[in-house]
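Here the structure comes first, spelled out in structure tokens, and everything after it is commentary.
Just so it is clear, none of the values below were taken in a lab; they were calculated from the coordinates. All values derive from a computational prediction rather than experimental measurement. Neighbour counts run over all protein chains shown; Cβ positions are idealised from the backbone, glycine included.
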Amino acid sequence: MKNMKYKNILIMVLMTVPFIALGGIDNPVKGDLEKIIANVVKVAQVLILMVSVLYIIYAGSMFVFARGDTARIAEARNSLLYAMIGIGLVLGAQVLVETITTTVTEVTSSSV
């Protein structure tokens, strides 16, 4: 059973390879420091979101395989909750970074 779990995790990770290849992730080390940091953050966000989606799929499979066992259903519910919290944090961080970046850009451009 334990080998099956690792096999399923490996399959889910390998399923993300086409999304990474076709997702338009740019080379994160070209340009000035600001662009490098922005590209690295963008790549990290895309990877975290893909892993979160896979974790949601895993939590859904936990619901299916729980078969009415209340402890396993509670574990699946917690897994789904944590995945949704992770997606919310990543998207919230993206909004926060964009807001701070535009504010700093406007302040520095108006003061010069």
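Summary of values
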{"item": "Sorted by Cβ neighbour density within 10 Å, fewest at the top, the residues E75, E98", "result": "E98, E75"}
{"item": "Calculated from backbone phi, Karplus (6.51, -1.76, 1.60) coupling profile of the range 78-88 in Hz, x at Gly/Pro", "result": "5, 4, 5, 4, 5, 5, 5, 5, x, 5, x"}
{"item": "Under Karplus coefficients 6.51, -1.76 and 1.60, residue-wise ³J(HN,Hα) of the range 37-51 in Hz, glycine/proline x", "result": "5, 5, 5, 5, 5, 4, 5, 4, 5, 4, 5, 5, 5, 5, 5"}
{"item": "Cβ-Cβ FRET estimate between I73 and L96, R0 fixed at 41 Å, reported to 0.05", "result": "0.75"}
{"item": "Total formal charge among the other residues, if their Cβ is under 12 angstrom from that of A66, Lys/Arg +1 and Asp/Glu -1", "result": "+1"}
